[in-house]
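The structure appears right after this line, and notes come after that.
All of the numbers you see were taken from the coordinates with simple rules; none came from a lab. On a predicted model such as this, the values are computed, not experimentally measured, just so you know. Quick reminder, even Gly has a Cβ in these numbers, built from the backbone with ideal geometry, and neighbours come from all protein chains shown.
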Amino acid sequence: MMLAVFAAVYGAIAALVFRRLTDRTRMRMTVNHMLAHVMEFALFIDEPRLILKAQFDLINDNFQLLRQIALPSILMAMPFVLLYPAMDRQFGNHSSNVLTLPMGQALPAGVVAETEGVRIPRTHEVSWRIRPTDKPRTNLLGIHWTVWFGLVSLIAATILRSRLRISGENPAPQKRE
């Protein structure tokens, strides 16, 4: 549940950041140019020189689109990179198969030693390779938490986009009388 809340907040913030920091008209023109270059492939299939030019133009337009979204993408990546370790500890599945305990302490319930203990005299510890007998914590439906985070944040951004009427098109100009 907490993952969904974090993801929804992140998606909402991402929608607002992209809305504020991108020029939607320019992005729409770039995407339209890209689509036009793809259409050139079918129209000029018998003209290799034109196809090659369309491919280079498509690559240039892809780089132009990447430049247009670079700043908001970097700004949204920074909090994710900072929060990833804490979120991975909380939502990830980290089951270590080595257990180290002080000498003389018994193995806890729920684990079985697969090997003899390795004694570490200097630290007065013993390490075992273990196998949990309890069912390990797994990801929801076997899907990693980052996939769920991405899906929920995308849905939240899409919902916010429709609520705020954020679209690729600029609103129709108002007629003045």
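For Kirkwood radius over Cα pairs in Å, which listed value, (i) 21.6; (ii) 18.4; (iii) 17.3, comes from the coordinates shown?
The listed entry that was calculated here is (i).
Could you work out how far helix 24-43 tilts from the main Cα principal axis of the chain, as a 0 to 90 degree angle to the nearest 10?
The answer is roughly 80 degrees.
Let me know the charge dipole size of segment 1-52 about its Cα centre in debye, to the nearest 20, where only the beta-carbon of Lys, Arg (+1) and Asp, Glu (-1) is charged.
400 debye
Just rank R129, R67, fewest to most, by other beta-carbon atoms within 10 angstrom.
Arranged by neighbour count, lowest to highest, R129, R67 become R67, R129.
Under a Cβ-only charge scheme (Lys and Arg +1, Asp and Glu -1), can you give me the dipole magnitude of the chain about the Cα centre, in debye to the nearest 20?
Dipole magnitude for the chain comes out near 600 debye.
Which angle between 0 and 90 degrees, to the nearest 10, do you get for helix 145-163 versus the longest principal axis of the chain when only C-alpha atoms count?
With rounding to tens, the tilt is 30 degrees.
Work from the charge dipole of the chain (Cβ charges, +1 for Lys and Arg, -1 for Asp and Glu, about the Cα centre) and give the residue of G142, W128, N32 farthest towards its positive end.
Among G142, W128, N32, the one farthest towards the positive end of the dipole of the chain is N32.
Taking the simple approach of a point 7 Å from Cα along Cα-to-Cβ for both L16 and I143, what is their distance in nm?
Taking the two extended label points, one gets 2.7 nm.
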